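Written below as structure tokens is the structure these notes are about.
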Amino acid sequence: MTEDAREIARQLLSRSGYSTVQVDDASSPAPPQRPTAPRPATPAPKVRGRGLLDHPDIVSTVAQFDGVDSMFESLGVTNPLYLEHHGKSGATIRQQGRDMINFGAFNYLGLGNDDRVAEAAKAAIDEYGTSVSASRIVSGQIPLYADFESRIANIYDVDDAVITTSGYLTNAAAVGYLLGKGDLAVCDALVHSSIVSGTEWAGTRRITFRHNDPAALEAILKMSRNSFERALVILESHYSMDGDVALLPQLVDVARKYDCGVMIDEAHAFGVLGEHGHGIRDLYGLPGDAVDVWMGTMSKALGSVGGFLAGSRELIRAFKYSAPGLSMFATAPAPASIAAASAALDVIDAEPERIARLHARARYAFDHAQRLGLRTGLAEGTPILPIIVGDTQKAVLAGVSLLEAGVNVNSITYPSVPLGEERLRLFVSSEHTEQQIDTALTTVASVLDRM
């Protein structure tokens with residue numbers, strides 16, 4: 001991107017932020033306005049909504065992102081939003097007709113493009129078809145589902161588990177089912193949007209506490225717990241924007257002291273944390289009942305799609321028979337997705353060196369970023385590596401410049417992260433080489449220095 005193009009982009013982006021770009025013809029001055037005599041104000045007639053297309057969020061979103069599209073087109077640079085890729089998404093990715101180093105995918109163990117996982121999915125299609133075409137409770141149950149649930153339950157040392165079609169829906173529907181009016185959700189300040197949605201669906205009171213701070217959690221519970229019938233402390237184990245790990249033992253101790261349940265989102269932890277890749281329970285050596293609701297996804301380290309919940313027999317039975325959107329009133333997951341996730345579990349258990357390599361690559365990337373003087377925020381050397389930029393325009397332009405340099409890295413801006421904490425986010429995998437990490441981070445440092 002030329003310096004002239006950068007300056008135009010800065011001007012466009014600075015008008016109202018990346019999400020609210022308005023594009024004008026910068027080369028043409030506004031025509032002079034002819035003075036007119038003031039007219040008496042007349043009340044505008046009240047117009048009834050004509051349907052969904054005048055919904056204020058639809059109107060503003062379309063205007064904003066039409067502006068973003070026009071901006072990138074006018075600059076003659078790549079629009080990173082919904083940018084297509086071809087072939088598999090691993091340590092490299094093919095975009096814009098060339099292979100790029102890829103740090104934009106959470107394929108932590110490379111199992112999303114592993115031949116054994118793919119063959120298991122194909123075999124499931126051959127045996128069961130592409131869909132069971134029913135909810136599980138009526139005509140949709142196949143052996144794959146119960147077998148996989150049993151394996152998840154054993155990993156978490158709990159009674160049972162239930163699989164779902166969507167990680168986002170897993171969180172939202174579980175929280176929406178467990179809580180209601182008169183209850184309290186006490187959430188870490190950085191929990192995922194899906195958890196926030198669940199509290200809104202439930203109509204429950206939601207209070208956030210300072211990120212990963214047991215003392216802040218205790219202060220809130222000491223003040224508020226007695227005002228609510230039921231309280232659930234909700235955490236992530238491996239925070240998806242920051243790469244830090246929950247202080248779970250201390251947070252659980254506080255929650256139990258005030259008679260609260262605990263739910264934890266393991267989306268970016270299962271297959272990643274712990275010696276065996278079995279998540280935060282594996283990392284800390286906790287008993288299964290340390291947490292009431294273990295939530296995870298199959299779309300990250302397991303290279304598939306969907307979610308799961310694990311816990312006591314009673315909890316999971318209620319989820320299966322009563323919770324809308326989890327198992328009830330929902331079509332069962334595609335057989336291929338569960339077969340793929342199960343095969344991925346086989347690989348994880350058979351190849352502990354893959355987990356060790358992931359941990360080594362993540363630490364290598366973190367240390368190299370530190371040596372380059374990059375701001376890594378709360379990162380702790382896990383496979384999620386944020387590079388804090390602190391400015392929307394710079395973060396977006398850096399992402400575009402990296403694409404042009406052959407490195408795919410995600411630009412993360414508000415509302416995904418707070419204003420002033422905009423960043424580039426790298427997902428490190430076991431399949432990245434040290435050379436790829438060196439090249440990517442050196443390029444990131446060079447791009448940011450130029451800005």
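The values are calculated or read from the model by the stated rules, or taken from the named source; none is laboratory data. Computed from a predicted model, the values in this text were never measured in an experiment. Positions of Cβ are backbone-derived with ideal geometry, glycine not excepted, and every protein chain shown enters the neighbour counts.
Does SER411 qualify as being in a helix (DSSP H, G or I), touching a residue at least 12 places away in the same chain (Cβ under 8 Å), under 19 Å from VAL68 (Cβ atoms) and of a type in the set (S, T, N, Q)? Steps first, please.
Numbers: in a helix (DSSP H, G or I): no; touching a residue at least 12 places away in the same chain (Cβ under 8 Å): yes; under 19 Å from VAL68 (Cβ atoms): yes; of a type in the set (S, T, N, Q): yes.
Taking the combined requirement at face value, the residue does not satisfy it.
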Query - Residue list for segment 183-220, filter: touching a Cys at 6+ places or on another chain (Cβ under 7 Å) and part of a helix (DSSP H, G or I) - result: ILE195
Query raised in the report: ILE338: at pLDDT 95 or above, outside any loop (DSSP other than H, G, I, E, B) and over 19 Å from the mean Cα position of the chain (by Cα), yes or no?
Result: yes
Query raised in the report: Does at least one position in segment 150-160 carry a residue that is surrounded by fewer than 18 Cβ atoms within 10 Å (Cβ to Cβ), in the same structural domain as ASP346 (by TED's automatic domain parsing), part of a helix (DSSP H, G or I) and not basic (Lys, Arg)?
Result: yes
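Is it true that some residue in segment 129-144 is over 30 Å from VAL400 (Cα atoms), assigned to a strand (DSSP E or B) and in the same structural domain as GLY285 (by TED's automatic domain parsing)? Explain how you work it out, then say what you get.
Step one: list which residues in segment 129-144 are over 30 Å from VAL400 (Cα atoms), which gives 129-144.
Adding the requirement that they be assigned to a strand (DSSP E or B) leaves none.
Among the residues of segment 129-144, not one is over 30 Å from VAL400 (Cα atoms), assigned to a strand (DSSP E or B) and in the same structural domain as GLY285 (by TED's automatic domain parsing), which makes the answer no.
In segment 110-122, is there at least one residue being closer than 25 Å to ALA269 by Cβ, of a type in the set (S, T, N, Q) and buried (at least 18 other Cβ atoms within 10 Å of the Cβ)?
Going residue by residue through segment 110-122, those that are closer than 25 Å to ALA269 by Cβ are 110-114, 116-118, 120-121.
If we keep only those that are of a type in the set (S, T, N, Q) as well, we get 113.
Within this subset, residues satisfying the condition of being buried (at least 18 other Cβ atoms within 10 Å of the Cβ) are none.
Within segment 110-122, none of the residues are closer than 25 Å to ALA269 by Cβ, of a type in the set (S, T, N, Q) and buried (at least 18 other Cβ atoms within 10 Å of the Cβ).
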Report summary line: Checked pairs for segment 370-385, first within 21 Å of ASN107 (Cα to Cα) and small (Gly, Ala, Ser), second surrounded by 17 or more Cβ atoms within 10 Å (Cβ to Cβ) and at pLDDT 95 or above, C-beta under 7 Å and 6 or more apart or across chains, list as ALA379/ASP242; ALA379/GLY243; ALA379/ASP244; ALA379/PHE366; ALA379/LEU385; ALA379/PRO386; GLY381/ALA362; GLY381/PHE366
Query - In segment 350-359, the residues that are surrounded by 14 or more Cβ atoms within 10 Å (Cβ to Cβ) and farther than 16 Å from ILE280 by Cα - result: GLU351, ARG354, ARG357
Requested in this report: Please find, among GLY110, GLY97, GLY87, GLY76, the residue that is touching a helix residue (DSSP H, G or I) at 6+ places or on another chain (Cβ under 9 Å) and without any contact (Cβ under 8 Å) to a residue 40 or more places away in the chain.
Outcome: GLY87
Query raised in the report: Can you name the number of the only condition in (1) part of a loop (DSSP other than H, G, I, E, B); (2) under 20 Å from the mean Cα position of the chain (by Cα) that GLY180 fails?
Result: (2)
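For the structure I just gave you, tell me whether VAL389 is assigned by TED's automatic domain parsing to the domain that holds THR442 and modelled with pLDDT under 95.
Working: assigned by TED's automatic domain parsing to the domain that holds THR442: yes; modelled with pLDDT under 95: no.
Spelling it out, it is not the case that VAL389 is assigned by TED's automatic domain parsing to the domain that holds THR442 and modelled with pLDDT under 95.
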Report task. Exactly one condition in (1) over 29 Å from ARG425 (Cα atoms); (2) touching a residue at least 60 places away in the same chain (Cβ under 8 Å) is not met by PRO56; state its number. Result -> (2)
Query raised in the report: Quick check, is ALA405 over 18 Å from ASN79 (Cα atoms) and not assigned by TED's automatic domain parsing to the domain that holds ALA246?
Result: no
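To keep it simple, each residue is scored yes or no on (1) closer than 29 Å to ILE412 by Cα; (2) in a helix (DSSP H, G or I); (3) hydroxyl-bearing (Ser, Thr, Tyr); (4) touching a Leu at 6+ places or on another chain (Cβ under 6 Å).
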| position | (1), (2), (3), (4) |
| --- | --- |
| LYS222 | no, yes, no, no |
| ARG256 | no, yes, no, no |
| ILE264 | yes, no, no, yes |
| LEU283 | yes, yes, no, yes |
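Name the residues in segment 113-128 that are assigned to a helix (DSSP H, G or I), touching a helix residue (DSSP H, G or I) at 6+ places or on another chain (Cβ under 9 Å) and among the charged types (D, E, K, R), would you?
Pass one, segment 113-128, residues assigned to a helix (DSSP H, G or I): 113, 115-128.
Then keep just the ones that are touching a helix residue (DSSP H, G or I) at 6+ places or on another chain (Cβ under 9 Å); that gives 116-125, 127-128.
Those that are assigned to a helix (DSSP H, G or I), touching a helix residue (DSSP H, G or I) at 6+ places or on another chain (Cβ under 9 Å) and among the charged types (D, E, K, R): ARG116, GLU119, LYS122, GLU127.
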Query raised in the report: Quick check: is even one residue across segment 178-189 out of contact with any helix residue (DSSP H, G or I) (no Cβ under 6 Å at 6 or more places or on another chain), within 21 Å of GLY288 (Cβ to Cβ) and surrounded by 15 or more Cβ atoms within 10 Å (Cβ to Cβ)?
Result: yes
Query raised in the report: Can you find a residue in segment 244-257 that is touching a helix residue (DSSP H, G or I) at 6+ places or on another chain (Cβ under 9 Å), farther than 21 Å from GLY311 by Cβ, among the charged types (D, E, K, R) and surrounded by fewer than 24 Cβ atoms within 10 Å (Cβ to Cβ)?
Result: no
